[in-house]
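The values are calculated or read from the model by the stated rules, or taken from the named source; none is laboratory data. Computed from a predicted model, the values in this text were never measured in an experiment. Note that we place each Cβ from the backbone using ideal geometry, even for glycine, and neighbour counts take in every protein chain shown. Surface accessibility is based on the protein's heavy atoms, side chains included, excluding ligands, DNA and RNA. Shrake-Rupley method; radii C 1.70, N 1.55, O 1.52, S 1.80 Å.
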Amino acid sequence: MHRLLAAVLTSLIAAALALGTAQIVIAVFNATPEQPNVPLVTFSDRGGQE
């Protein structure tokens, strides 16, 4: 019975740590600002004749 209790407690603690880590990762992703979507290269509308 002692081993079963230890196994249950270990798995509950592991699950709680995994959930806590996932919440921290999600919070970090939500805290970073979105980058502007600015193209690095632009093309003219003249069909390549400059």
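Every residue in region 39-50 that is open to solvent by less than 100 Å² (accessible area, probe 1.4 Å) and either of a type in the set (A, V, I, L, M, F, W, C) or modelled with pLDDT of 80 or more (or both), please.
Answer for region 39-50, where residues must be open to solvent by less than 100 Å² (accessible area, probe 1.4 Å) and either of a type in the set (A, V, I, L, M, F, W, C) or modelled with pLDDT of 80 or more (or both): Pro39, Val41.
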Inter-residue pairs, beta-carbon under 7 Å, first touching a residue at least 40 places away in the same chain (Cβ under 8 Å) and in region 23-47, second among the hydroxyl-bearing types (Ser, Thr, Tyr) and open to solvent by 100 Å² or more (accessible area, probe 1.4 Å), 6+ apart: none
Filter result for Phe29 (out of contact with any helix residue (DSSP H, G or I) (no Cβ under 8 Å at 6 or more places or on another chain), assigned to a loop (DSSP other than H, G, I, E, B) and aromatic (Phe, Trp, Tyr)): no
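Being surrounded by 10 or more Cβ atoms within 10 Å (Cβ to Cβ) and out of contact with any Cys (no Cβ under 8 Å at 6 or more places or on another chain): is that true of Ala27 here? If you could, list the steps in order and put the result at the bottom.
Numbers: surrounded by 10 or more Cβ atoms within 10 Å (Cβ to Cβ): no; out of contact with any Cys (no Cβ under 8 Å at 6 or more places or on another chain): yes.
Answer is no for this residue.
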